[in-house]
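Single-structure report; data block below.
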Amino acid sequence: MTNSPIVALHGTPAVAGGNAPSEICHSPLAPGGAHVRSVRDEFHGDLLEVSMGPHHPSTHGVFRMIATLDGETIVKLKPVFGYLHRNHEKIGENTTYLGSMPYTDRLDYLCSMTNNWAYALAVEKLAGQPVPERTEYLRVILAELTRLLNHTCLAGFLLQDTGASGTPLMYAFREREKILDLFEALSGSRMMCNYQRFGGCRVDASPEWLEAAKRLADGYNEFLDEYEALITGNEILMARTQGVGVMPRQLAVSAGITGPMLRAAGVDYDIRKVDGYGVYPRFNFRVPLGDHGDTYDRYMIRVLEMRESIEILRQAFAQLPSGPIMDPKAKIRGFKPKPGEAYGRIEGPKGEIGFYLISDGGANPYRYRVRPPSFINLTVLEDMCLGHSIADAVIILGSIDIVLGEVDR
Amino acid sequence: MSIAFLIIALVTLGSAAVAMSLRNLIHSALLLIASWAGIAAFYLWAGAEFVAFAQLLVYVGAVSMVVLFAVLLTRQSRVDMAIAPDALRRIVAALLAGGATLGVLFGAVVSAPLPIAASATPVTVSVRQMGQELMGTHAAALLIVGALLTVALLGAIILASTGREDPPGVAPPAVAPPTRKTS
Amino acid sequence: MLGIGLLKGLGVTAKNLVGSFHDPARLVTTEYPEQRTKLPENYRNFPFLVYDGTAAIDGLRCVACKICEVECPPQCIYIIPDRDEKGRPTKKPKVFDIDISVCMSCQICVEVCPFDAIKMDQQYEIAEADRFDRLLLKREALAKPNSYYQEIHPAEAAQVDAMLAEARRKADAKAKAAAEAAAAKAATAKPGAANPPTRPPAPSGSTPATAAMKPATAAMPEPAVPPVQPTQTPAENSATGNPVAPKTGTPGA
Amino acid sequence: MTLVQLSRVTPGVSDWFFQSLSSPFIAAAGDSRLERLPIIARDLLTSRLPEPWRWWLNSLLAILVVLFGFAILFALLTLVERKVLGRVQNRPGPNRTGLPFTKLRLFGLGQPLADGIKMLTKEDIVPRSADKLLHFLAPVALLAFSILTFAVLPFGRNLVPVELDAGILYFFAAGAGTELAVFMAGWASRNKYSLLAAMRALAQLISYELPLLLSFVPVIMMAGTLSTTGVVEAQAGWKFGFIPHWHVLTPWGFAAFVIFMVSALAESNRSPFDLPEAESELIAGHLTEYSGFKYALFFMAEYFGMCALSAMAVTLFLGGWRAPLPFLEIVPSYVWFALKLFALLFGFIWIRATFPRLRIDQLTRFAWKFLVPMALINLGTAAFWSLTCNWSGPLQLARWAIALALVAGPFVVMGRKLSRDYAPRTYRYA
């Protein structure tokens, strides 16, 4: 965890007074079984420890927050993760370079295209493998579609967390389906795309596919307008999110936060601009920045980023060259890069997704390491939640935008 | 004495008595509320429709909430009474207050000219009549009570608002060092 | 003013409520068992084995080279090559199992297969009444005819067939040349009943095996075509061991 | 209804009470046959019985009709709610469950039945450490309180089950018990989420009881009666022959109606005030530890409460069972009542489909700092309206203008104050 301001617990967590018929409350939910009541000052009741998750409607998977509450205010929050740990990095070291590609789909299962790209980028760096230009464009198109998809989902999930009976979520999913259909038509799978290869990509996009993608990108602003009319100006949403879960710029930088969360805190850092990987320098787009760093900013930054993504998509469709999609020298099988190390990173929808690889010249990486944006962004959860109510904790968690597959790996 | 009266009285007094003897404060509070509902039933039986509904609305609907809140927010401690240094003073105060209330009520009941109604049709008062009485004959009393309650409410607000200076959204101040006791 | 945003939101939901009755863009549900969306050609689900001809097991293109077994990321493929009585590999899988509960449909086996023997299926209604049914697919369950492959991936299959036919043509030419050379070399050799591989390969693979070749008896899985044995009958054999891997580099475990 | 029985078993019951109860559903002369249909049907069943029996049976019939009517309404409402929510969310909603063993789907009309069967056959789980008695009593009490409120609603011309002098007061007195039941459920479940929900329910209901009660005081003031039929009577007639004298069509009435409906949303734990069962925060709040039939009872009680409050809103503000236009009076009164009720229920569903949920402190702040002052000011507006009832001509216009200003001014001022801390934002780009 980060160096969060230490919160003094007023004694040990215990149930609120008068709750239980007997003195000690054995909660099946809280760890450690019985809680001992402790003496606090005259005007405060005891603390209540609530274990939210791992099975909870809004922990976005098997995530657990052990929240210590004073009334409904959080005085301590301990995130517990690892329920979805499946040895991703070790598996990566025991399978071939290519064999890890489908596993990267399963990291952040909403954004498999960008995960693929980041991994392919790392391997290409390692092997010094060039990539054809058409593939670079296709990668940008797919990455921006993924950004649309991810941010759309997030907007839906966040609103669902605030209790909006599923309507924004359903609208978000309606649009998401269209992008998933595109992914399916191109890569064969909706979410587990496994599309990129080292030095190219697997399937070429047909003219019909490009036409459909162009139509989607053109129509997406319309959806965003409707969505924003539904919810952005909504007083209830503003009351729920503005000033809630403020992340100071300093904390964001020192905790290594990346992606929309960082930009919502007002830090201008976008790897697309900083690294200029792929063909991103050829596109004209802006990076929206928030001034408050609260949940509303994090939501709005994503909406604005979607609008910028649409711009990038339009430019990419216009500039897309023809040509091969795979470098002729690229190897699918028997791929053994020279010994060395490489770190490939891209601006994923959730932040910096990076892969660090060490090769010893063998068919498997010697070391395979993922830098997951969700996990690192999640580390500031407690700092953002302290002093807010349990209802806020849920939407703060939602605004971080985590996918447990990536957090736990 | 009709059967209904007996039943109502039994419910009212019984729940009040059981409420006092229970150790579980929530159960006591709920029984107290049942007792209030019994009183409302009594009013209804006596033909005072408006008073009965007002009793239900105010006591079962609102005061009960306050009681339950108080029970929930007060730390429950069995040893409170026993080891309190001023237990004797409390008992004396309780006896004094209870005795005074009893005396006033008793005096009021005894001194009131209660005509023993021979007929089976007691006087019924419509809501309109009651309103006119309240705003006419007893307007002064109503106003005084209203003012009194307003003052009490303001006092409560002032009491509650002091000590809540810290703005929302800030972590509660560190009061004690984080000690973790386990047993 | 307070409430404007709320009213706007109500307007949007009202629009959607009404729109869902007449606007196809606003009612996107596919009512599944009755209606189905058309699967895109690239859609992939679990893999299956392609066979040519009519005999499911004998016609398998798979030569049990085990490349897919090695490359499979979750290692869900299990192959035992078949051997004849003398213990020589017959270039056929004796056991070819895919553990469907492990397989993640990543398509890497398809990409690495030099023989176009394993392809991705599009069958997604694979629920079973028993929880352990059909979790481990055997060779018999995996084998599906080339015509099925043509049906689910028409463009890709046409390409594959064309490639295979081209390779076969080259192989046949080479074999013929070799045979002629052998014939020329051994001038006293009897004129055998070697079938003339001059038939032009059909682009559609739904026809039975186009080139009749005996499975290679050589022990090495080298993609060189052995000399044609004159004793075989063309009708019963199917094309296996299509020799050239057109896409990738050296095959070999 | 328990009052009825209570009064009958006691010989010393008072006359007024008897009178008010012994004459439910008296058909007035001059009504159309359709209008009197419920009474005719009832008389067909009971007219041959001797007098005391007849009274009993009439009452019983009334109870049964109201109960069954609302039970069917509840069943329909669950389906309609899901359908409407579905349509709003661009889904078809439940549309498969039709007649069992056939292919008939009937637009999912079988869904409530299927849900009911499912609920009835599900295992009833009581947590081991729960307070078993209260855990059992909570849904029963909740349902009982909800049903009690139906007693005084005028469902149509002369169709009021119990004609009480203080009917409106009775309605809210009976409804006041529901929060107790919610509290009992939350506390007895012995689950931390439930406990938090119980606390929330208490805070919420205690906050919204006040604006709810204050909002209809102007109506009582104007109608001069606490009886539900009296209030409907006060809204009779049409201005210029086509504008009905409904309370909602006056400035104070509209404000009171809005306050009432907002408070009703909170009272019935509906979105955006569904904090006690906030599923994204507290799993299911006080319902977390309930399953099977008890859960169904809770569900039923919630919908009954919603129906009752909507019906009360119809009675108080929308002219009750009265037709909106004179020539539409051919349509029976109970149909109008049902239509208005459905319109309000649809509003409930629509709001649920649109809004996110408030936080508990915002919820209480909204009640105490906005709704209560608004209701109090509205009381003044109503007093002004009442005092100026004989203004005419240009004065009539002035009356409207002043009343509108009295309603809109505080709304704008307080709304601005309430939303001071937040506003739409503009963003800069790097």
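The values are calculated or read from the model by the stated rules, or taken from the named source; none is laboratory data. Because the structure is predicted, anything quoted here is derived from the model rather than measured. Please note: Cβ atoms are built from the backbone with ideal geometry, for glycine as well, and neighbour counts cover all protein chains shown.
Summary of values
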| item | result |
| --- | --- |
| Checklist (1) out of contact with any Pro (no Cβ under 9 Å at 6 or more places or on another chain); (2) without any contact (Cβ under 8 Å) to a residue 12 or more places away in the chain applied to A:GLY233, failing item | (1) |
| Set D:ARG428, D:ARG365: member being closer than 30 Å to A:ARG302 by Cβ, within 24 Å of the chain's Cα centre (by Cα) and within 14 Å of chain A (Cβ to nearest Cβ) | D:ARG365 |
| Residue satisfying condition, being within 14 Å of chain B (Cβ to nearest Cβ), surrounded by fewer than 23 Cβ atoms within 10 Å (Cβ to Cβ) and under 17 Å from D:ALA181 (Cα atoms), within set D:ALA203, D:ALA198, D:ALA223 | D:ALA203 |
| Sole residue being over 30 Å from D:ALA174 (Cβ atoms) and either away from chain D (no Cβ under 12 Å) or modelled with pLDDT under 80 (or both), chosen from B:ALA117, B:ALA112, B:ALA62 | B:ALA112 |
| Test: residue in segment D:311-328 that is hydroxyl-bearing (Ser, Thr, Tyr) and within 14 Å of another protein chain (Cβ to nearest Cβ) | no |
| Flag if C:PRO40 is away from chain D (no Cβ under 14 Å) and either closer than 30 Å to D:GLY108 by Cα or in contact (Cβ under 8 Å) with a residue 12 or more places away in the chain (or both) | no |
| Among the candidates C:ALA171, C:ALA157, C:ALA181, C:ALA162, residue that is at pLDDT below 85, under 16 Å from C:PRO114 (Cα atoms) and of a type in the set (Gly, Ala, Ser) | C:ALA157 |
| Residues that are within 13 Å of chain C (Cβ to nearest Cβ), in a helix (DSSP H, G or I) and of a type in the set (Ser, Thr, Tyr), drawn from segment A:72-118 | A:TYR97, A:SER100, A:TYR103, A:THR104, A:SER112 |
| Helices (runs of 4 or more DSSP H) completely within segment C:77-189 that count 3 or more residues being over 30 Å from A:CYS201 (Cβ atoms) | C:139-142, C:154-185 |
| Qualifying residue in segment D:76-89 (condition: among the polar types (S, T, N, Q), more than 30 Å from D:LEU195 (Cβ to Cβ), outside any helix (DSSP H, G or I) and at pLDDT below 75) | no |
| Residue satisfying condition, being in contact with a Ser or Thr (Cβ under 9 Å, 6 or more places away or on another chain), under 28 Å from B:ALA52 (Cβ atoms) and more than 10 Å from chain B (Cβ to nearest Cβ), within set D:ILE259, D:ILE168 | D:ILE259 |
| Flag if D:LYS83 is under 29 Å from D:THR288 (Cα atoms) and either within 14 Å of another protein chain (Cβ to nearest Cβ) or in contact with a helix residue (DSSP H, G or I) (Cβ under 6 Å, 6 or more places away or on another chain) (or both) | yes |
| Any hit, segment A:27-35, residues being under 30 Å from the mean Cα position of the chain (by Cα), modelled with pLDDT under 50 and facing another protein chain (nearest Cβ under 8 Å) | yes |
| Subset of segment A:376-392 (residues that are assigned to a helix (DSSP H, G or I) and farther than 18 Å from A:ILE257 by Cβ) | A:ILE390, A:ALA391, A:ASP392 |
| For D:MET199: the one exception among (1) touching a residue at least 40 places away in the same chain (Cβ under 8 Å); (2) farther than 23 Å from D:ALA62 by Cα; (3) in a helix (DSSP H, G or I) | (1) |
| Among residues of segment A:271-312, those that are within 17 Å of A:LEU154 (Cβ to Cβ) and touching a residue at least 40 places away in the same chain (Cβ under 8 Å), counted | 15 |
| Unique match (being among the basic types (Lys, Arg), surrounded by 13 or more Cβ atoms within 10 Å (Cβ to Cβ) and touching a helix residue (DSSP H, G or I) at 6+ places or on another chain (Cβ under 9 Å)) among C:LYS176, C:LYS119, C:LYS92, C:LYS170 | C:LYS119 |
| Within segment A:204-275, helices (runs of 4 or more DSSP H) holding 3 or more residues that are in contact with a helix residue (DSSP H, G or I) (Cβ under 6 Å, 6 or more places away or on another chain) | A:207-231, A:235-241, A:260-264 |
| Cβ-Cβ under 6 Å pairs, at least 6 apart or on other chains, segment B:30-58 side more than 7 Å from every other protein chain (Cβ to nearest Cβ) and within 21 Å of D:ALA185 (Cα to Cα), far side of a type outside the set (S, T, N, Q) and part of a helix (DSSP H, G or I) | B:LEU31/B:VAL18; B:LEU31/B:ALA19; B:LEU32/B:ALA19; B:SER35/B:ALA16; B:TRP36/B:TYR59; B:TRP36/B:VAL60; B:ALA37/B:VAL60 |
| Top-ranked residue of segment D:100-159 - restricted to ones that are crowded, with 22+ Cβ neighbours inside 10 Å and either aromatic (Phe, Trp, Tyr) or more than 26 Å from the chain's Cα centre (by Cα) (or both), ranked as nearest to the other protein chains (Cβ to nearest Cβ) | D:PHE145 |
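Here is a yes/no grid of residues against (1) in a loop (DSSP other than H, G, I, E, B); (2) surrounded by fewer than 23 Cβ atoms within 10 Å (Cβ to Cβ); (3) at negative phi:
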residue: A:GLU347; (1), (2), (3): no, no, yes
residue: A:GLU352; (1), (2), (3): no, no, yes
residue: A:PHE355; (1), (2), (3): no, no, yes
residue: A:GLY361; (1), (2), (3): yes, yes, no
residue: A:ARG367; (1), (2), (3): no, yes, yes
